[in-house]
Each structure stands twice: as C-alpha cells, then as structure tokens.
Amino acid sequence: QVQLMESGVFLVQAGGSLRLSCAASASIFGINAMAWSRQAPGKQRETVATITRPGSTAYADSVKGRFTISRDNAKNTVYLQMNSLKPEDTAAYYCYAPEWNYWGQGTQVTVSS
C-alpha cells in the first residue's frame, strides 16, 4: 500500500498560479499512471490530468492549456502546475493512482474572483 499526501490549503486570485505536490510514501516508479482529480461542492469528481510512467499526459478539456502534470520518480512526487486559474477551478484536489486505487486525502484550492 502506497500512501499519497497532498499538502496545503490554497487561496489564490483569479489569473494566478499554483503548484500542487503529491508525495508518495514509497516508490512510484512501478506505478504506471498517476493522476489528479477534483471535486467541487455539488459536482461530480472530475479527473483533470493523468501522466504515465513514460511521461505521456492527458488533460480534461476544462484545464487543457492551463494545467500541467509532471512526476519526479526519484522524489516519489507528482505535481500539478495550475496557471490562469479561474473561480470555477475551486475544488478539493486529489492525487491518485488509478490502476491501484491509491488516493490522497485531498487539498482545498479556492480561487477568488
């Protein structure tokens, strides 16, 4: 079992940038896909970005061109760089490993207008 931990509670103005980090308790080298999802109040959870071990990425249309997912296998960490943030990006963000069903506890991002 690998534990995933996102850090911090973030409040940022619209148009700003933020980088989320997800630290794993063990090596993620053997984990092919890592992803970030988010859930806003009253809305379904949405996967916003996925990265495979070779580095292939995929994004939800709602964040394409603004968010960038990356991973550092040596540091057992996955990142989500979020630029040009909008109020509708306000949500709890979760790091997870889809093939293993490992989930972090989530971190709150609030974007003010």
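The values are calculated or read from the model by the stated rules, or taken from the named source; none is laboratory data. From a predicted model like this one, the values you see are computed outputs, not experimental measurements. When we count neighbours, we look across all protein chains shown, and the Cβ atoms used for this are built from the backbone with ideal geometry, even at glycine. Surface areas here come from the heavy atoms of the whole protein model, side chains and all, with no ligands, DNA or RNA. Shrake-Rupley method; radii C 1.70, N 1.55, O 1.52, S 1.80 Å.
Some observations on this one:
- Residues that are of a type in the set (D, E, K, R) and out of contact with any Gly (no Cβ under 7 Å at 6 or more places or on another chain) do occur in segment 51-63, at least one of them.
- Answer residue from segment 4-16, given it is at pLDDT below 95 and not in a strand (DSSP E or B) and is surrounded by the fewest Cβ atoms within 10 Å (Cβ to Cβ) among those: 9
- A single entry from 38, 19 fulfils the requirement of being charged (D, E, K, R), surrounded by 18 or more Cβ atoms within 10 Å (Cβ to Cβ) and not in a loop (DSSP other than H, G, I, E, B): 38.
- Extreme residue, farthest from residue 8 (Cα to Cα), among residues of segment 68-93 that are touching a Phe, Trp or Tyr at 6+ places or on another chain (Cβ under 6 Å) and open to solvent by 20 Å² or more (accessible area, probe 1.4 Å): 73
- Check on residue 45, at pLDDT 95 or above, farther than 16 Å from residue 19 by Cα and either out of contact with any helix residue (DSSP H, G or I) (no Cβ under 7 Å at 6 or more places or on another chain) or open to solvent by less than 70 Å² (accessible area, probe 1.4 Å) (or both): yes
- Criterion applied to 60, 33 was being surrounded by 13 or more Cβ atoms within 10 Å (Cβ to Cβ), among the small types (Gly, Ala, Ser) and touching a residue at least 24 places away in the same chain (Cβ under 8 Å), and the one residue passing it is 33.
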